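The values are calculated or read from the model by the stated rules, or taken from the named source; none is laboratory data. Given the structure is predicted, the values throughout are model-derived calculations rather than measurements. We place every Cβ from the backbone using ideal geometry, glycine too, and count neighbours over all the protein chains shown. With ligands, DNA and RNA removed, areas are computed over all heavy atoms of the protein, side chains included. Shrake-Rupley method; radii C 1.70, N 1.55, O 1.52, S 1.80 Å.
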Amino acid sequence: IAGAYAAQQDIYSSNQSLLRDLTGRSDEAKYGGMYFYGIDQFTDTAENGELTTRWTCFWQIIDRCNFILDKIDGGTFTDSNAKNYIKGEAYGLRAWSYYMLGCLFGGMPLIDKVLTADETKAIARSTQEETFAFAEKDFKSAIELLPTSWSGSNAGRVTKYAAEGVLARMYMFQSKFALAKPYLQDIISSGLYGMEENYLNCFTDSHDNGKERVWEVQFSGGLKGEGQMFSTGCIPEGYADKVIIPFSGYSTALTVSLDMFGSYENGDLRRDISTVSNLKVNGVVESKYAYISKYCHYDSYKPQSQNDWPINIPILRYTDVLMMYAECLNEEGYAANGEAFNIINKVRARAGLKALTSADIPDQTSFRTAIQKERKVEFAFEGLRWFDLVRWGIAKKTIDAHFMTEDEGGGIYSMQDFRTIFAIPFDEISRYNNDKVMWQNPGY
């Protein structure tokens with residue numbers, strides 16, 4: 001099971017991590033980032049090495065979880081709870097992997113046991129809907145087996161509530177709000193979680209595995225090989241002041257799009273926590289574009305090298321649980337100044353912004369818009385924006401408008417409809433060499 005978690009770390013730990021890919025795919029970053037190979041310009045192909053890496057890591061998790069689930073009932077355990085917990089973790093991590101693969105690439109081959117290479121090649125891709133149904137079953141198995149919390153050195157392992165939250169997120173992706181709602185309610189009523197009073201502490205290492213963190217990828221400093229370098233990759237190579245980070249950054253650093261930066265209302269405290277402006281790069285102050293600083297706020301341990309960051313990477317924050325719940329309430333039926341208003345205003349109050357009332361948001365449609373705006377700034381650069389655009393059905397409209405601005409190419413680029421999912425990696429197509437079993441997504 002440690003091996004499954006290690007593969008999860010690999011998805012997020014690099015300066016060129018999944019978070020960077022998803023940020024570049026959305027309207028959060030300026031187009032033209034280095035080493036994207038078209039992800040940010042919607043010109044990516046099946047030969048994109050970044051996507052091949054993501055595919056490989058998710059399938060490593062699935063393979064390792066299948067091995068556990070194949071073998072565990074034949075083992076001897078002195079503690080039956082330990083056995084059930086490990087099974088639950090395997091189901092939960094496998095479910096999360098299939099859900100993520102389904103969002104990224106569409107339908108997957110559904111493999112629930114260890115197979116030989118030849119046996120694997122005989123299993124054809126399923127649909128995206130069938131892939132989500134498979135993940136749903138696994139999530140529910142995990143929920144039945146997992147503990148409500150872990151303590152001590154086990155903190156950060158997947159819990160019942162983490163599985164419930166990501167299952168709810170998958171339902172939201174499918175617009176199944178009525179199915180998502182009870183799982184979100186269960187997390188809220190558990191009493192185990194709460195919003196951090198200070199937005200900054202949603203991302204500091206001193207608050208890793210704290211009340212805001214329902215599930216996050218675990219990292220630690222100390223030059224033990226368990227740190228992450230994504231934080232370094234947020235700041236550009238040539239930065240030498242050592243104030244934001246204690247060393248130079250990487251050439252892969254993204255610049256925040258002007259649209260994203262302008263999405264923060266005046267006085268929004270989240271802007272200067274999530275972004276940093278006027279950095280001196282190669283001796284010249286970059287006065288036009290900001291960089292991402294959300295993951296650079298260490299306060300307990302100072303990283304000793306570029307890949308020694310102790311800051312965990314969030315998969316699911318409690319604020320997201322609340323915001324999804326507010327969205328479900330609105331989809332169930334608009335209620336002027338009701339519970340959904342209370343939630344969005346609690347989020348805004350932490351950001352230093354005024355409360356919204358039914359005078360500002362008079363109906364269900366305008367509340368949807370308010371949720372969309374609030375999620376954009378609350379969860380900026382956390383890998384949620386792109387999936388939100390897809391599930392709301394506004395990806396093409398949003399991205400095309402983004403590309404029409406002068407700083408994003410002035411209309412040179414646009415998004416084709418089929419690019420709500422990525423291409424199946426060419427390496428996989430080649431290994432199967434059978435388009436009846438492993439075929440390419442339409443358009444690629």
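Scanning the range 39-55 for residues that are assigned to a helix (DSSP H, G or I), over 23 Å from Gly92 (Cβ atoms) and in contact (Cβ under 8 Å) with a residue 24 or more places away in the chain gives Glu50, Leu51, Thr52.
Remark: Ile39 falls outside the filter, which requires a residue to be hydrophobic (A, V, I, L, M, F, W, C) and under 15 Å from Tyr98 (Cβ atoms). For the condition under 20 Å from Ser190 (Cα atoms) and touching a Gly at 6+ places or on another chain (Cβ under 7 Å), Val347 does not qualify.
When the test is whether a residue is within 22 Å of Leu104 (Cα to Cα), without any contact (Cβ under 8 Å) to a residue 60 or more places away in the chain, of a type in the set (Lys, Arg) and buried (at least 19 other Cβ atoms within 10 Å of the Cβ), Arg375 passes it. Of the strands (runs of 3 or more DSSP E) lying entirely inside the range 242-334, those containing at least 1 residues that are of a type in the set (A, V, I, L, M), in contact with a strand residue (DSSP E or B) (Cβ under 9 Å, 6 or more places away or on another chain) and under 24 Å from Val166 (Cα atoms) are 313-317. Count of the range 1-38 residues, restricted to those that are over 20 Å from Glu226 (Cα atoms), in contact (Cβ under 8 Å) with a residue 40 or more places away in the chain and in a loop (DSSP other than H, G, I, E, B), is 8. Applying a threshold of 6 Å to beta carbon distances and a minimum spacing of six or more residues, or different chains, the list of pairs starting in the range 193-221 at a residue that is open to solvent by less than 30 Å² (accessible area, probe 1.4 Å) and modelled with pLDDT of 95 or more and ending at one that is basic (Lys, Arg) and part of a loop (DSSP other than H, G, I, E, B) reads Gly194/Lys211; Tyr199/Arg270; Phe203/Lys294. Flag not set for Phe422, criterion: within 20 Å of Glu47 (Cα to Cα) and open to solvent by 40 Å² or more (accessible area, probe 1.4 Å). Report yes if some residue within the range 380-387 is in contact (Cβ under 8 Å) with a residue 12 or more places away in the chain, closer than 16 Å to Asp44 by Cβ and either open to solvent by 60 Å² or more (accessible area, probe 1.4 Å) or touching a Pro at 6+ places or on another chain (Cβ under 9 Å) (or both); otherwise report no. For the range 380-387, residues in contact (Cβ under 8 Å) with a residue 12 or more places away in the chain, closer than 16 Å to Asp44 by Cβ and either open to solvent by 60 Å² or more (accessible area, probe 1.4 Å) or touching a Pro at 6+ places or on another chain (Cβ under 9 Å) (or both): absent. Whenever a residue of the range 56-79 is under 13 Å from Lys113 (Cβ atoms), it has no partner that is open to solvent by 70 Å² or more (accessible area, probe 1.4 Å) and part of a helix (DSSP H, G or I) lying with C-beta atoms less than 6 angstrom away and at least six residues away or across chains.
In the range 162-219, which residue that is aliphatic (A, V, I, L, M) and not in a helix (DSSP H, G or I) is farthest from Ser305 (Cα to Cα)? Checking each candidate, the answer is Leu192.
Whether a residue is open to solvent by less than 10 Å² (accessible area, probe 1.4 Å) and either in contact (Cβ under 8 Å) with a residue 60 or more places away in the chain or under 22 Å from Leu384 (Cβ atoms) (or both) was assessed, and Asp186 does not pass this test.
In the range 4-11 there is no residue matching the filter, namely being small (Gly, Ala, Ser) and under 15 Å from the mean Cα position of the chain (by Cα).
In the range 323-340, the residues that are farther than 16 Å from Ser175 by Cα and modelled with pLDDT of 95 or more reach residues that are open to solvent by 50 Å² or more (accessible area, probe 1.4 Å) and assigned to a helix (DSSP H, G or I) with C-beta atoms within less than 7 angstrom, at least six apart or across chains, in these pairs: Tyr334/Gln364.
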